[in-house]
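Report on one structure; see the data block that follows.
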Ligand code: GLU
């Protein structure tokens with residue numbers, strides 16, 4: 001049996017780290033299994049769904065390298081959902097209800113006061129034909145609920161092991177609103193049957209939902225997929241991310257200069273038994289994926305870890321792989337510079353700052369007490385610089401001035417780069433060239 005999975009975002013907002021993790025787990029599993037990955041756009045909510053969000057979702061997935069084998073929109077498939085609804089109605093499994101939301105609220109409050117669980121009381125099933133007629137004469141339109149069996153639903157969850165949902169403890173789910181629009185529950189099942197989805201992989205906030213959906217699967221077909229419910233993402237403080245998701249959207253992370261592989265490395269590894277570290281490619285992440293590595297504890301998303309992974313990836317990136325992006329930053333002839341600074345950048349764009357340090361005229365930054373030392377350093381700097389110059393030059397400066405350690409090296413670094421930290425100075429010196437280096441050491445603009 002070939003594996004078929006789907007990632008089913010609603011185009012009512014941007015993709016953020018939470019839903020990208022779900023997309024990624026689907027992707028890693030299906031690529032590891034050699035199956036197919038469907039991108040399903042859950043746009044049954046015609047008012048809140050937009051083309052712009054849909055395009056954004058596709059752009060983000062492409063940027064991450066999460067490619068799909070097929071895609072479709074639920075909004076093109078209402079006929080199928082109507083057919084399924086009619087089938088359920090004919091079997092008495094989808095029944096009309098007339099309560100307003102205020103009436104339902106009141107009902108729930110009363111149940112709470114009585115110490116009962118706030119489960120829908122199925123009042124609509126008791127209505128006589130006359131009662132229905134008078135409600136409809138009043139202008140009320142029905143919403144439609146699926147009649148749960150009241151029994152327990154059990155499945156072997158790929159992540160959580162055996163799961164049981166007692167359907168008598170949950171309300172019959174509303175599948176169709178009073179305005180005739182479909183909620184998520186039924187279209188999702190219809191599409192999962194139609195596409196022969198073998199594994200529904202999603203967040204554990206859907207566990208209860210799965211109990212109800214499995215009954216709908218069984219009512220409509222003999223196809224019930226496997227389920228894998230993964231623990232939710234939390235921040236490094238252990239708290240939910242919901243309030244911060246806006247700033248953790250893919251377009252924000254991209255704008256902040258994070259590499260897609262940093263995002264996928266981190267999101268693949270958190271909450272698993274693997275070490276959290278940069279991985280060289282998505283295919284390596286695929287080969288390392290296994291559901292058995294996913295624990296039951298929430299996965300902690302830590303932006304500091306993302307920065308560290310990002311830096312680590314860049315340290316290992318060859319110039320050829322970033323040449324175009326470096327040129328797009330306005331840095332030309334950047335190969336030697338990249339090789340020099342790549343272990344000092346956190347974001348690729350940091351190279352632009354180092355290019356300015358090397359290529360743009362600037363005055364040397366020299367403290368008064370270091371002026372004489374820097375003058376001597378300028379005078380004894382050879383005119384032809386090689387990779388060895390720095391060590392030979394600083395050794396002789398050490399001997400002639402008696403300076404050593406930080407008092408020897410830091411003034412030179414500051415005078416030459418204006419920064420107290422950075423790439424190894426031997427390479428910096430060569431790229432600066434003797435003329436510019438001497439000018440800066442003498443406190444002049446060079
Ligand atoms: N559109 C649904 C959501 O974003 C999909 C859930 C599912 O994977 O079934 O929550």
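Quick rundown of the values:
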{"quantity": "Residue in the stretch 129-144 that is more than 16 Å from the ligand (Cβ to nearest atom) and within 22 Å of residue 42 (Cβ to Cβ) present", "calculated": "yes"}
{"quantity": "Test set (1) without any contact (Cβ under 8 Å) to a residue 60 or more places away in the chain; (2) under 26 Å from residue 284 (Cβ atoms) - residue 41 fails condition number", "calculated": "(2)"}
{"quantity": "Strands (runs of 3 or more DSSP E) lying entirely in the stretch 80-162 (those with 1 or more residues that are without any contact (Cβ under 8 Å) to a residue 40 or more places away in the chain and within 30 Å of residue 193 (Cα to Cα))", "calculated": "152-157"}
{"quantity": "Enumeration of residues in the stretch 1-17 that are crowded, with 20+ Cβ neighbours inside 10 Å, within 11 Å of the ligand (Cβ to nearest atom) and in contact (Cβ under 8 Å) with a residue 60 or more places away in the chain", "calculated": "5, 6, 7, 8, 15"}
{"quantity": "Residues located in the stretch 154-173, provided they are away from the ligand (no atom under 16 Å from the Cβ) and under 25 Å from residue 104 (Cβ atoms)", "calculated": "166, 167, 168, 169, 170, 171, 172"}
{"quantity": "Any hit, the stretch 43-56, residues being outside any helix (DSSP H, G or I) and more than 18 Å from residue 188 (Cβ to Cβ)", "calculated": "yes"}
{"quantity": "Count - residues of the stretch 191-200 that are within 12 Å of the ligand (Cβ to nearest atom) and part of a helix (DSSP H, G or I)", "calculated": "2"}
{"quantity": "Single unsatisfied condition, residue 28 versus (1) within 15 Å of the ligand (Cβ to nearest atom); (2) surrounded by 22 or more Cβ atoms within 10 Å (Cβ to Cβ)", "calculated": "(1)"}
{"quantity": "Top-ranked residue of the stretch 363-372 - restricted to ones that are at pLDDT 95 or above and out of contact with any helix residue (DSSP H, G or I) (no Cβ under 6 Å at 6 or more places or on another chain), ranked as surrounded by the most Cβ atoms within 10 Å (Cβ to Cβ)", "calculated": "371"}
{"quantity": "Residue check for residue 125: farther than 26 Å from residue 189 by Cα and surrounded by 12 or more Cβ atoms within 10 Å (Cβ to Cβ)", "calculated": "no"}
{"quantity": "Set 161, 139: member being closer than 30 Å to residue 271 by Cα, out of contact with any helix residue (DSSP H, G or I) (no Cβ under 9 Å at 6 or more places or on another chain) and exposed (fewer than 11 other Cβ atoms within 10 Å of the Cβ)", "calculated": "161"}
{"quantity": "Sole residue being under 26 Å from residue 48 (Cβ atoms) and in contact with a strand residue (DSSP E or B) (Cβ under 8 Å, 6 or more places away or on another chain), chosen from 216, 193", "calculated": "216"}
{"quantity": "Subset tally (residues that are under 13 Å from residue 201 (Cβ atoms), outside any loop (DSSP other than H, G, I, E, B) and out of contact with any helix residue (DSSP H, G or I) (no Cβ under 6 Å at 6 or more places or on another chain)) for the stretch 1-19", "calculated": "3"}
{"quantity": "Every residue from the stretch 163-176 that is closer than 15 Å to residue 121 by Cβ and assigned to a strand (DSSP E or B)", "calculated": "174"}
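Here's the yes/no breakdown for (1) more than 16 Å from the ligand (Cβ to nearest atom); (2) over 20 Å from residue 289 (Cα atoms):
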{"position": "65", "(1), (2)": "yes, no"}
{"position": "71", "(1), (2)": "no, yes"}
{"position": "85", "(1), (2)": "yes, yes"}
{"position": "105", "(1), (2)": "yes, yes"}
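The values are calculated or read from the model by the stated rules, or taken from the named source; none is laboratory data. Predicted model only: the values in this text are computed from it and were never measured. Methodologically, a virtual Cβ is constructed for each residue, glycine included, from the backbone with ideal geometry; neighbour enumeration extends over all protein chains shown.
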